[in-house]
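Beneath this line is the structure, given in structure tokens, with notes to follow.
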Amino acid sequence: MVEYLSRVTIIRVRKPVKRDLNTDIEWLSKSFGLFNIRDKEKSCYRLFIELLKAAKNKYMISSDELAARCNLTRGTVVHHLNKLMEAGIVVKEGRRYMLRVANLEALVREIRRDMERSFEDLKEIAEEIDSTLELSDKENVY
């Protein structure tokens, strides 16, 4: 049995009052959990920006190109790319990477579908466990 793992992180962040392209992209990135306290140089965010640029030009990009464009080590880039692939944001074909879908709206839709499928699986198994343990949905009074 092959186990498919995906870690979706959604952080509820207040929408920015001042709206411009950079602020909106930063807000979206924060909401996807692309910022980490340890990532003081916002390297994952910078990587995401380069992936957006590549998507705009319908271009797949290598980790070496990303490292050069972001002024990061290839190891740092690969680390973040692996996190982005695990989150379902980025896909890899051969030695090149790209956003999972052509635009951010489609990306949000796809991640939402991933989460809905996960919740359906959780609900199904929870119902089976409840049935096996004869747990009812009525409130227990102790």
Helix-derived mean residue ellipticity, 222 nm - over the chain, DSSP H n ≥ 4, -39500 (n - 2.57), to 500: -17500 deg cm²/dmol
Give, rounded to the nearest 20 debye, the magnitude of the charge dipole that the chain has about its Cα centre when Lys and Arg contribute +1 at Cβ and Asp and Glu contribute -1 at Cβ. 1260 debye
To the nearest 10 degrees, how steep is helix 43-56 against the longest Cα principal axis of the chain, on a 0 to 90 scale? 80 degrees
The helix 74-86 Cα axis meets the longest alpha-carbon principal axis of the chain at an angle in degrees, between 0 and 90 and rounded to 10, of 30 degrees
Once you keep just the Cα pairs under 8 angstrom separated by 6 or more residues, what percentage relative contact order results for the chain? 20 percent
Quick one: angle between helix 21-31 and the longest Cα principal axis of the chain, in degrees between 0 and 90, rounded to 10, please. 40 degrees
Could you calculate the contour length gain from I125 to K56, that is, 0.36 nm times the residue separation minus the distance between their Cα atoms, to one decimal place in nm? 20.8 nm
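Laboratory data are not the source of any read-out in this text; all were calculated from the coordinates shown. Everything numeric in this text was worked out from a predicted model, so none of it was measured. For neighbour counting, all protein chains shown are included, and Cβ atoms are generated from backbone atoms with ideal geometry for every residue, glycine included.
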